[in-house]
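Read the structure below first, then the notes.
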Amino acid sequence: LCRGGLAERLCRLQNRERSAISFWRHQCLSDDKIPPDKSGVLIVKILEIFEECTIQVAICQQLEQSPATLSPEDAVINAEEPILKVLFTRETAAHLKSRPQDVIHIYPPWQKLLLQNADVPVIMNTYFSQKVLLSEHSEAREKTYGLTKMLIRKNIISLAQTFRLDDVDDKSHQEFSDNQVPCAPQTHNNGDSKWHPLALSAVNDSLLEMVESQGAVGWREAQVQVVIQRVYCLPAREGYRSHTQGNKPLCAASVTNSDPPNVRLCLLVQDAYGMFSEVQLQSLSSTDNIEQYCRRWEGKSCCLAGIKILQRTTRGRALGLFSLIDSLWPPVVPVKVPGQSQDSEMMTTNLPPPSFCYILTVQSGEIHVEVDEEEQISNLYQPPAVHGLKEILRIDGCNERCSFWAQVLYRRLQTKHSVPIDQREMLLFVTDSTLQNVVHGIPKVVAVSVTASCVLSMEIIEALSAGSRLVFFKDALWGNGRIICVERTVLLLQKPLLCSAAGADLSELTGPVRLDELDSTTQASSVCALRGTVVGVNESTAFSWPTCNRCGNGKLEVCPQDRELLYCNQCSEVVTTPVLKMQLEVFLSCPSRSQSTVKVKVWHEISAALFVLLTMLLFLQTYEVQSVLGKEVGLLNCYVHSITSHPNCVALEEIVLL
Amino acid sequence: STLPAVAEELLREIKKAFQETSQVPDVLLLGLKFIFGPSAVPALDLVDQRSVTRLRSPSGRILYQVLGSSGKLYTCYSSCHFCTCPAFGFSVLQKSESLLCKHILAVYLSQAMGACQELAVSEEQLTNILLAEEEDEG
């Protein structure tokens, strides 16, 4: 059955009704005399019975009071008493075994239907009916009657009698036209897709009310209207575990190959009362682009239905989620206050930030999230506040969400081979005009750490490895002097349409990027530029090797057929034009950090731009250390591997900026 | 006879309630159950799934086709109560146990709630559908 559909609703109503009926019947057996003067009880005397299909139709007279109080002689048919047509289902009729002259008590709930062309009202839903025995005298009569089988006339209904659903009086409407009914505010055209599962109950605007009134079993027909504040992905294996056993990810079934990792699309929504909720939707395939969802959905209103509660989490247990919620607090428009009349909306300056949040998910199977993409952005939406990196570095707090637009200069992957590729952390070195244009005091380049819990789309990963890119970091975390990208941070290639640029200079970088020069303040795992003089060469580290020009495989083999040629196992082909990679460690004396021994590993492949030191070495057929010593080396871009104090040594590696 | 008038009135109430509030109140759903018995829930399910299509030919002839749960397409007439499904033949024609089968009820409910899909067909196509039913029977 369709979830939220009419059939499902009727099933539920019917089950409830059935339980009520059996309970009532059971109760009838125990209490013989249920006082008939309880309100709502219909007292009828059967005059005539016949059957149509499986329904028993009883023409009855409605009695004012129970005939038990009248003597049998008084129980004459009074022509003044109203006539009713009472319908009984087959089952009720079998239970009642009624005959003409019987008096039946019909308890609520029953329904009265007035037909258009008939005077006699019809009584339906007569499940709670009970026959009343008049007196001892009649009891004996009952028993005799009971022995003779009563024949009930059955009416055969003609098939020619169809039902006309239109108003007979209203001639202006054709029977089969498109709906031109004037009274309905919404015309229900058959092609109108706005008219979503039939007859859902009215849309609510309070998440809390929905949650607290429905319990954790799940909402069937209730709908709640919310604003989508943020769209992001959460890795499935870190996602909340619901009813699945053990640690199986919620969407394990959809993984066909090992990459990419399973991620779930999630929404952070807020209702009209300011309450937040995280809704976990379907898992994304590698072809889905989070950027599209962000663009289309953020800021829009949507209706949630068929939602299940995964858990209720608090500030202490979900720091990441609440740091995001805090960045959206206080709301930008006044929110409603529960319990008060909605005319008086309270200003939000005094409201404390939320301390709990519900994590919701959809019932397995269909998504019941209707986002009206055509609609305008909601007033409640708070776009990410974009700041320049300079401003972010000056933020005082800890665990603050921040958004910025920066150029990625260099990417360094964590090299632990024990960790699978998709779970590796990454360091991105970024800068923007606010950092580059500063003379002194703050670094020119900042390291952004991307943890494995921050989900990156395939597009971003490709873009980062291809070349220098401007990337929008949405809701990254700043704390302890570092910017990190964690879960709920989204990296996008395009600046979002709506973002409040709080005085940030989002202009493009003009001119070449400059790195800080190596000095006494340089830290490990950073990038810097250096200049110095070659004072030594570590000959034992001199190394050159050919690599495959197709796949970069550094372990080429000699061809068995022709020992002059090289063979690549990964491509399964001969390598005709190998790329030569070279590596060497040199010692430099740098005036900017004169106390330290500066050791630079220099390497590169000879197909791209040539580097300072390597060019020198390459063009010497057999290089001699002597010819290199004393040579000036100017402004190498390097990554700082480590800095040790005893011995005072800085180990760097020459790098290529993207 | 009483039942057809009652059924008709109930369906009209449903149409009216639906037009005014876009919803069908519980009491009317239970009324459907009372009158139509076991056909009610399956008929509503067919409506939920938008299984009813109204076919109209240029001359104004109307026919309904309902996609049953088994995937079979049944034809319901508009001029009288008739459906090509086996349940109709058994419950309505043979035993007179029901007024309608679930497909015919779904047609009425879809009409009441504006849930019919519309399809314009040629005279020939309509004829073929009607004749095809005959051949199956034969």
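The values are calculated or read from the model by the stated rules, or taken from the named source; none is laboratory data. These numbers were taken from a predicted model, which means no experiment stands behind them. Glycine gets a Cβ as well: all are built from the backbone with ideal geometry, and neighbour counts include every protein chain shown. Just so you know, the surface numbers come from the protein's heavy atoms only, side chains and all, with ligands and any DNA or RNA stripped out. Shrake-Rupley method; radii C 1.70, N 1.55, O 1.52, S 1.80 Å.
Can you bin the stretch B:6-138 into rounded, prolate or oblate? Criterion: square roots of the alpha carbon gyration tensor eigenvalues sorted a ≥ b ≥ c, rounded for a/c under 1.5, prolate for a/b above b/c, oblate for the rest.
It is oblate, given that a/c is not under 1.5 and a/b is not larger than b/c.
Enter the mean number of other protein chain beta carbons within 10 Å of the beta carbon of each residue in B:39-50, as an integer. Working shown, then result.
On the way: counts 0, 5, 8, 2, 3, 11, 8, 1, 5, 12, 4, 3.
Rounded to a whole number, the mean comes out at 5.
Once you have a ≥ b ≥ c as the square roots of the Cα gyration tensor eigenvalues for the stretch A:389-492, tell me rounded if a/c is under 1.5, and otherwise prolate or oblate according to whether a/b is larger than b/c.
In terms of gyration-tensor shape, prolate.
Relative to a virtual label point 7 Å from the Cα of A:ASN155 in the Cα→beta-carbon direction, which members of the stretch B:11-42 show backbone nitrogen distances below 11 Å?
Hits in the stretch B:11-42 for A:ASN155 at 11 Å: none.
Please say if the stretch A:520-563 is rounded, prolate or oblate, where rounded means a/c under 1.5 for a ≥ b ≥ c the square roots of the C-alpha gyration tensor eigenvalues, and otherwise the choice is prolate for a/b larger than b/c and oblate otherwise?
Details: a/c = 4.23, a/b = 2.19, b/c = 1.93.
Taking the square roots of the gyration eigenvalues as a ≥ b ≥ c, the stretch A:520-563 is prolate.
Helix B:26-36: angle to the longest alpha-carbon principal axis of chain B, degrees 0 to 90, nearest 10?
50
Residue by residue through the stretch A:21-28, what is 3J(HN,Hα) from phi via Karplus (6.51 cos²θ - 1.76 cosθ + 1.60, θ = phi - 60°)? Round to whole Hz and write x for glycine and proline.
Result, rounded to whole Hz: 5, 5, 5, 5, 4, 5, 5, 4.
Helix B:102-113: angle to the longest alpha-carbon principal axis of chain B, degrees 0 to 90, nearest 10?
Helix B:102-113 sits at roughly 70 degrees to that axis.
For the stretch A:506-608, what is the percent of antiparallel DSSP beta bridges, rounded to the nearest 5?
95
Would you mind checking which residues have amide H under 5 Å from A:ILE655's amide H? H placed 1.01 Å from N; only 5 or more apart, or other chain.
Counting only residues 5 or more places away or on other chains, the set is A:ASN637, A:CYS638, A:TYR639.
Per-residue Cβ counts within 10 Å, from other chains only, averaged over B:90-96: what number is that?
2
For chains A and B, what's the summed buried accessible area, probe 1.4 Å, to the nearest 100 square angstrom?
5400
About the Cα centre of the stretch B:5-131, how large is the charge dipole given +1 on each Lys and Arg Cβ and -1 on each Asp and Glu Cβ? Please answer in debye to the nearest 20.
It works out to roughly 140 debye.
Counting only residues 5 or more places away or on other chains, whose amide H sits under 5 Å from the amide H of A:VAL633 once H atoms are built in the peptide plane?
Amide H to amide H, under 5 Å and 5 or more residues apart or across chains, A:VAL633 pairs with A:GLY532, A:THR533, A:VAL534.
Heavy atoms of the protein only, probe of 1.4 Å, neighbouring chains included. What is the accessible area of A:TRP545 in Å², nearest 10?
A:TRP545 exposes around 60 Å² with every protein chain in place.
Within 10 Å of each Cβ in B:25-37, how many Cβ atoms from other chains are there, averaged over the peptide?
Mean partner-chain Cβ count within 10 Å for B:25-37: 6.
Ordered by residue, what ³J(HN,Hα) values in Hz, to whole numbers, does the stretch A:647-657 give under the Karplus form 6.51 cos²θ - 1.76 cosθ + 1.60, where θ = phi - 60° and Gly and Pro are x?
Those phi angles translate into x, 6, 9, 10, 9, 10, 9, 5, 10, 9, 7 Hz.
Quick one: Karplus J couplings for the stretch A:512-525, per residue in order, coefficients 6.51, -1.76, 1.60, θ = phi - 60°, nearest Hz, x for Gly and Pro?
Per residue, the Karplus-derived 3J(HN,Hα) values read x, 7, 10, 9, 5, 7, 4, 8, 5, 8, 5, 9, 5, 6 Hz.
Between A:THR314 and A:TRP545, how many nm apart are label points set 7 Å from Cα along the C-beta direction?
Calculated label separation equals 5.5 nm.
With a 10 Å radius around each residue's Cβ, average the other Cβ atoms per peptide and rank A:575-588, A:633-646, highest first.
A:575-588, A:633-646
For A:ARG25, A:ARG469, A:ARG90, write out the residues from largest to smallest accessible area, computed with a 1.4 angstrom probe and no ligands counted.
A:ARG90, A:ARG469, A:ARG25
What residues of the stretch B:5-24 lose no less than 40 Å² of accessible area with every protein chain in place versus their chain by itself (probe 1.4 Å, heavy atoms only)?
For the stretch B:5-24, once contacts with the other chains are taken into account, B:VAL6, B:GLU8, B:GLU9, B:ARG12, B:LYS15, B:PHE18, B:GLN19, B:SER22, B:GLN23 lose 40 Å² or more.
How many lysine pairs are close in chain B, with Cα atoms under 22 Å apart and the two 8 or more places apart or on different chains?
Lysine pairs meeting both conditions in chain B amount to 7.
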